[in-house]
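Trainee: Please read through the structure below; I'll follow up with questions.
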There are 2 protein chains.
Amino acid sequence: MSELRKDPVGDRWVIIASERSRRPNARVPAAMPDSTEPCPFCTGHERETPPEILAYRADSTAPNRPGWTVRVVPNKYPALAVGEGWPNRHDEPGDFMAGIGAHEVVIESPQHDVSMANLSVSQVADVLRAYRERMIVLQEEPHWQSVVIYKNEGSSAGATLEHVHSQILALPMVPRAIADEWRALKAHDEGYRRCLYCDIIKKERERQDRVVAESDAFVVLCPFASRFPYETWIMPKRHSPFFQSLGDNELRQLASALLQILKRLAAVADAPVNYVLHSGPLRKAKSERYHWHLETMPRISKIAGFELASGYYINTVTPEEAARALRQVEI
Amino acid sequence: MSELRKDPVGDRWVIIASERSRRPNARVPAAMPDSTEPCPFCTGHERETPPEILAYRADSTAPNRPGWTVRVVPNKYPALAVGEGWPNRHDEPGDFMAGIGAHEVVIESPQHDVSMANLSVSQVADVLRAYRERMIVLQEEPHWQSVVIYKNEGSSAGATLEHVHSQILALPMVPRAIADEWRALKAHDEGYRRCLYCDIIKKERERQDRVVAESDAFVVLCPFASRFPYETWIMPKRHSPFFQSLGDNELRQLASALLQILKRLAAVADAPVNYVLHSGPLRKAKSERYHWHLETMPRISKIAGFELASGYYINTVTPEEAARALRQVEI
């Protein structure tokens, strides 16, 4: 069982998960393993993963057998898990707790595709539908304070398996990044009775210089203080704190916007990529002040000493230039 | 000239420094460039860097000529610089300011050594002496709020040049990581009239299970909530807010402790490495509550979606196990 430890000085939790060091390729290799070999995420190899939690599959196909389009399984090397026990510690300098939580893997294609940018829009929509369905289930568990969904695509972005997938983590605390946003949004709402992200969306749509694309329900933009070259955020125009309250029509539009931005990023940056879904804290009073969105970060530059020393970032491409380059890609 | 932008929601500054994208190897390559070629940091190539700010060199040798042991030069592609002007922006969603600051490179050896672990203890002491000397000069400039010193060694740790070096950044704000620590130390001092880091050092010396090494002036330990496998901190036993107030005897002991831990890390982890010097904010009232130290982070695992999503870390090696492995290395 893993352990959660809080630094006594920095306001920072760490998941100490020794079992994850047993993952294949946990010591990130220079290149990914040979992709011609079938992997445990490929169709026909369902028995090599823990039993599925959720799958979208053809009628009359059995669980943990071929016939699926998207499959959600428990992470075999979980950072957090449901379990008994309490860390056997006493008189420690910082807070700690048992590493309880849920850690799931969303296998995004039955084939050994390596990039989400190459999936069809209906396949991406199924992935997002799986996110929504799992979040609705996970939010019922009163221990979880937050659900974080993220993708690591490519070795430098932290992937240890090549087959296209993303991860869902249910956490017993609200991560700092989300709590920071939530506090700023709450303060703005108390001051102005408006959502700060709604205000930003309005302003960015007027300016246009950082807007990459737009549909009925979404604006895709390079944020004013982008941390990474070509960082882009997909922002829903409708104020809504929770990703899981997304309607079916919005979900299809999001799939289309996400696929489009991944294609644009592949054309401009051709780099490993992370995306993270920012959705509201599950239990915080006034969570309705939150405004969910999806942040995509190509990993062209490294997170180095300066970022670790300061918590700040150095970005070598202005968001205005990034938006211009991304807009010009012919899709 | 670069620009500083603050995210309107997250409490986070970003340095937008387009000129840095012109660095050689800025798009981090899979491997470092051929190391048999002499590089601009090698002795004999002094004219390929901007003129030196400081050098420790043999008597009767001229500036920007061979004969030095350690050399400090302005960064050719600075993230921040002294300059005129103000970003030509208006009606932006977040705060911004001109990217003023200082960005210097410490060339740690006249030879093309690639790892600080292979330098002599007197060479490492000269590097630390250069840090101290530059910090004493930089703190005189009233615009700088903080000086951050860090090393990126190896491509995955963010280095774009192989020749052993580190970097000094003077910043017009206190980085969040330092401000967080300072606030926690101040609160503890107000509550208990003691330094929290002094308390931690005392407790860790009693426990011993996370202590790697100890000398008269320093304790080397794996912190309770280590973010990275084999992360180690060198903590001065004497409470002092500022690295630059280090005495000559302490400086020699620090050089010895740093060299020893780099050798231990090379033996156990053999990974790219970052270290960062945490020194007190220059202008904050009550900076005396800070307790300077040096944090060393081997980069075995990647900073991936979870870390970007949450601001928290997953670490696969317990600090107790890390300390045990590091202690066992024969030096």
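Derivation of every value follows stated rules applied to the coordinates shown; laboratory data play no part. Here the structure is a predicted model, which means the values were calculated and not measured. With ideal geometry, Cβ positions are generated from the backbone for all residues, glycine too; neighbour counts draw on all protein chains shown.
Trainee: Shortest first and in nm with one decimal, please list how far the B:Pro87 label point sits from its counterparts in the other copies (point 7 Å along Cα→Cβ).
Mentor: 3.9
Trainee: Right, another one. Using a cut-off of 9 Å between beta-carbons, work out the net charge of the residues near A:Ala130 (Lys and Arg +1, Asp and Glu -1, A:Ala130 not included).
Mentor: Residues near A:Ala130 contribute +1 overall.
Trainee: How do B:His188, A:His45, B:His291 line up, fewest other C-beta atoms within 10 Å first?
Mentor: So the ranking, lowest neighbour count to highest, is A:His45, B:His188, B:His291.
Trainee: Taking just the C-alpha trace of segment B:3-171, give me its Rg and Dmax in Å.
Mentor: 17.3, 56
Trainee: Say the dipole of segment B:3-171 comes from +1 at the beta carbon of Lys and Arg and -1 at that of Asp and Glu; which of B:Ala117, B:Ala55, B:Ala170 then lies farthest toward its positive end?
Mentor: B:Ala117
Trainee: Can you give the Rg to Rh ratio of the protein assembly as shown, both from alpha-carbon atoms, with Rh computed by the Kirkwood formula?
Mentor: Taking Rh as the inverse mean 1/r over Cα pairs, Rg/Rh reads 0.96.
Trainee: Over chain B, what portion of Cα pair distances is larger than 35 Å, expressed as a whole percent?
Mentor: 21 percent
Trainee: Separate question: Give me A:Tyr313, B:Tyr230, A:Tyr290 ranked fewest to most by other Cβ atoms within 10 Å of their Cβ, as a rough exposure proxy.
Mentor: A:Tyr313, A:Tyr290, B:Tyr230
Trainee: Give me the inter-chain shielding for B:148-160: mean count of other chain Cβ atoms within 10 Å, whole number please.
Mentor: 4
Trainee: Now a separate question. Per-residue ellipticity at 222 nm for the protein assembly as shown, helices alone: DSSP H runs ≥ 4 residues times -39500 (n - 2.57), over residue total, nearest 500 deg cm²/dmol?
Mentor: The helix-only estimate for the protein assembly as shown comes to -8000 deg cm²/dmol at 222 nm.
Trainee: Give the cross-link partners of B:Lys6 among the lysines, using a straight C-alpha distance below 23 Å as the criterion and excluding same-chain residues fewer than 8 apart.
Mentor: A:Lys186, A:Lys202, A:Lys203, A:Lys237, A:Lys302, B:Lys284
Trainee: Taking beta carbons within 10 Å but only from partner chains, what does the mean come to for residues A:1-13?
Mentor: Mean shielding by partner chains, rounded to a whole number: 6.
Trainee: Ignore the peptide's own chain and count Cβ atoms of other chains within 10 Å of each Cβ in B:113-123; give me the average, rounded.
Mentor: For this peptide, the per-residue mean of nearby foreign Cβ atoms is 0.
Trainee: Charges only on Cβ, +1 for Lys and Arg, -1 for Asp and Glu: so what's the dipole of chain B about the Cα centre, in debye to the nearest 20?
Mentor: My answer is approximately 520 debye.
Trainee: Which of B:Cys195, A:Cys39 has the fewest other C-beta atoms within 10 Å, and how do the rest follow up to the most?
Mentor: Ranking B:Cys195, A:Cys39 by Cβ neighbours within 10 Å, fewest first, gives A:Cys39, B:Cys195.
Trainee: Between A:Asp248 and B:Glu288, with labels modelled 7 Å along Cα→Cβ, what's the label distance in nm to one decimal, could you check?
Mentor: So the two model labels end up 6.9 nm from each other.
Trainee: Here's something else I'd like to know. A:Arg238 label points, 7 Å along Cα→Cβ, one per copy: pairwise distances from this copy to the rest in nm, shortest first?
Mentor: Sorted ascending, the copy-to-copy spacings read 6.5 nm.
Trainee: If you don't mind, there's one more thing I want to ask. Can you tell me the length gained on complete extension of the stretch A:Val82 to A:Lys203, counting 0.36 nm per residue apart and subtracting the Cα distance?
Mentor: My answer for the length gained is 39.2 nm.
Trainee: What fraction of the DSSP beta bridges in the protein assembly as shown is antiparallel, stated in percent and rounded to the nearest 5?
Mentor: 95 percent
Trainee: For a label point 7 Å from the Cα of A:Asn64 along Cα→C-beta, name the residues of segment A:160-174 whose backbone N is under 17 Å from it.
Mentor: None, by backbone N distance to the label point.
Trainee: In nm, what does the list of distances from A:Ser60 to its counterparts in the other copies look like, shortest first, when each label sits 7 Å along Cα to Cβ?
Mentor: So the distances to the same position in the other copies read 9.7 nm.
Trainee: Longest span of chain A, sites excluded, free of GluC sites (Glu not before Pro) in DSSP loop with at most 16 other C-beta atoms within 10 Å?
Mentor: Of all site-free stretches, the longest is A:141-329.
Trainee: Does segment A:176-327 classify as rounded, prolate or oblate by the C-alpha gyration tensor (a ≥ b ≥ c root eigenvalues; a/c under 1.5 gives rounded; else a/b over b/c gives prolate, otherwise oblate)?
Mentor: Since a/c reaches 1.5 but b/c is at least a/b, the shape of segment A:176-327 is classed as oblate.
Trainee: Report the full-extension gain for the segment B:Glu214 to B:His90: residue separation times 0.36 nm, less the Cα-Cα distance, to one decimal in nm.
Mentor: Here the answer is 39.2 nm.
Trainee: Here's another thing I want to ask about it. Nearest to the axis that maps chain B onto chain A: list the chain B residue whose Cβ wins, with the distance in whole angstrom.
Mentor: B:Ile303, 2
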